[in-house]
Amino acid sequence: MRNIKTLLAAGVIAAGASIASYAADISGAGATFPYPIYAKWADAYKKETGNGLNYQSIGSGGGIKQITAKTVTFGASDMPLKPDQLDKIGVMQFPTVMGGVVPVINVEGIKSGDITLDGPTLARIFMGEVKNWDDPVIAKLNPGVNLPKQAIAVVHRSDGSGTTFIFTNYLAKVSADWKSKVGNNTAVEWPVGIGAKGNEGVANNVANTKGSIGYVETAYAKQNKLTTTKLVNKDGKAVAATAESIKAAAAGADWANAPGFYMILTDSAGATAWPIAGATFILVPKQPKDVAAASEALKFFAWAYKNGGQMAQELDYIPMPDSVVKMVEAKWSDIKDPSGKPIF
């Protein structure tokens, strides 16, 4: 079986292997938030084991739909599903890494970290109430910064997105107006702005639109060399989205008491915590249609937990703590073959 190239631009990870060494077809689809690390893991895993992974970066909404229809081995979502939702579609979920969502801007003369925003101001920008970069509310947060008299062009996701869920969850916590008028979900009725598909689409749109602001997972900001803002966190401190600040946001997560690993990390307390953080999750049927493929998928994620931490950190993701990995791997016994035997 010939090797298939990794198609980064299309958001598809694909790697082939010989039929003799690998017969199961591992396919996954969903969140664009973790795509950069899944691509990196898939490449390293292929080199080490000869086994491949095909992952379509189509957004969390698409991943939930595909795993519900059982057209893929696993789905991926940045919006955790509640236990009753998991039971309804017959899947279990587990977190793979944690990361941050960061506002990205394209403003002439402004570099990363030059501008600080707070939650209420960010909400007003995305509601279309703050229309120019030199608006007094932005100027008040940025004394001494030469803000241009330039219209703000809002860029948001057009597809069902876990990144949008994390972003709007944060805005709903810090702005009563946002909570009542727009809400929190994988897709919302945006008051203003240009829609783009995937983290990739938002990153590209911001890079090419003067005066724009959008939101992407931190790895996309890093890979595309986008200008990022600081944010004022729950403790009133202006912080940048770094591996350290995202780790600080994740520090208080009580995974042991999270039913079905349901966990939201936005607006966490802590002087150094980044306020828009979240975990990303894998969804696997408890009774998979293709047992061999599901088993191979779990082997891949077991390998990633054991060997992928450094690769994750290089892209500013936070690996799951060993204690959480042990809990996750113990829960894999819930995934069973037709005879009721655990597949891993």
Cβ-Cβ under 6 Å pairs, at least 6 apart or on other chains, the stretch 311-329 side under 15 Å from Ala251 (Cα atoms), far side assigned to a helix (DSSP H, G or I) and of a type in the set (D, E, K, R):
Ile318/Lys247
Per the list (1) over 29 Å from Ile166 (Cβ atoms); (2) modelled with pLDDT under 85, residue check on Leu8 breaks on (1)
Can you name every residue in the stretch 234-262 that is surrounded by 19 or more Cβ atoms within 10 Å (Cβ to Cβ) and part of a loop (DSSP other than H, G, I, E, B)?
Ala241, Ala253
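Regarding Lys222, is this residue modelled with pLDDT of 95 or more, in the same structural domain as Arg124 (by TED's automatic domain parsing) and basic (Lys, Arg)?
Taking the combined requirement at face value, the residue does not satisfy it.
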Is there any pair with a first residue in the stretch 139-163 that is over 30 Å from Pro80 (Cβ atoms) and a second that is of a type in the set (Lys, Arg) and surrounded by fewer than 19 Cβ atoms within 10 Å (Cβ to Cβ) whose Cβ atoms are under 8 Å apart and which are 6 or more apart or on different chains, and what are they?
Gln150/Lys210; Ala151/Lys131; Ile152/Lys131; Ala153/Lys210
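It is to be established whether one or more residues within the stretch 176-187 are of a type in the set (Phe, Trp, Tyr), under 26 Å from Thr280 (Cα atoms), in a helix (DSSP H, G or I) and touching a helix residue (DSSP H, G or I) at 6+ places or on another chain (Cβ under 6 Å). Break it down into steps so the answer makes sense when it comes.
Restricting attention to the stretch 176-187, the residues satisfying the condition of being of a type in the set (Phe, Trp, Tyr) are 178.
Right, trim to under 26 Å from Thr280 (Cα atoms) and you get 178.
After this cut, where a residue has to be in a helix (DSSP H, G or I) as well, the list is 178.
Subsequent filtering for residues that are touching a helix residue (DSSP H, G or I) at 6+ places or on another chain (Cβ under 6 Å) retains 178.
Among the residues of the stretch 176-187, at least one is of a type in the set (Phe, Trp, Tyr), under 26 Å from Thr280 (Cα atoms), in a helix (DSSP H, G or I) and touching a helix residue (DSSP H, G or I) at 6+ places or on another chain (Cβ under 6 Å), which makes the answer yes.
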Would you please name the residue that is modelled with the highest pLDDT, looking only at residues in the stretch 14-30 that are crowded, with 24+ Cβ neighbours inside 10 Å and within 22 Å of Lys306 (Cβ to Cβ)?
Gly28
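Regarding Thr218, is this residue over 23 Å from Gly61 (Cα atoms) and in contact (Cβ under 8 Å) with a residue 60 or more places away in the chain? Break it down into steps so the answer makes sense when it comes.
Working: over 23 Å from Gly61 (Cα atoms): no; in contact (Cβ under 8 Å) with a residue 60 or more places away in the chain: yes.
No.
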Candidates Tyr38, Tyr45, Tyr55 - the one that is out of contact with any Gly (no Cβ under 7 Å at 6 or more places or on another chain), in the same structural domain as Gln310 (by TED's automatic domain parsing) and free of Cβ contacts under 8 Å to residues at least 60 places away in the same chain
Tyr38
List the number of the failed condition for Asp322; all other conditions in (1) touching a helix residue (DSSP H, G or I) at 6+ places or on another chain (Cβ under 7 Å); (2) farther than 28 Å from Asn224 by Cα; (3) of a type in the set (Asp, Glu) hold.
(1)
Identify the residue in the stretch 294-312 that is of a type in the set (A, V, I, L, M) and under 22 Å from Ala243 (Cα atoms) and, among all such residues, is surrounded by the fewest Cβ atoms within 10 Å (Cβ to Cβ).
Met311
Find the residue count for the stretch 273-293, including only residues that are without any contact (Cβ under 8 Å) to a residue 60 or more places away in the chain and either out of contact with any helix residue (DSSP H, G or I) (no Cβ under 8 Å at 6 or more places or on another chain) or surrounded by fewer than 17 Cβ atoms within 10 Å (Cβ to Cβ) (or both).
1
Of (1) in the same structural domain as Leu53 (by TED's automatic domain parsing); (2) over 25 Å from Lys65 (Cα atoms); (3) among the hydrophobic types (A, V, I, L, M, F, W, C), Trp274 fails just (1)
Listed by first then second residue, the pairs whose first member lies in the stretch 171-184 and is closer than 15 Å to Gly278 by Cα, whose partner is hydroxyl-bearing (Ser, Thr, Tyr) and surrounded by 13 or more Cβ atoms within 10 Å (Cβ to Cβ), with beta carbons under 7 Å and at least 6 positions apart or on separate chains, are Lys173/Thr266; Asn184/Thr168
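The values are calculated or read from the model by the stated rules, or taken from the named source; none is laboratory data. Keep in mind the model is a prediction, meaning the values are calculated, not measured. When we count neighbours, we look across all protein chains shown, and the Cβ atoms used for this are built from the backbone with ideal geometry, even at glycine.
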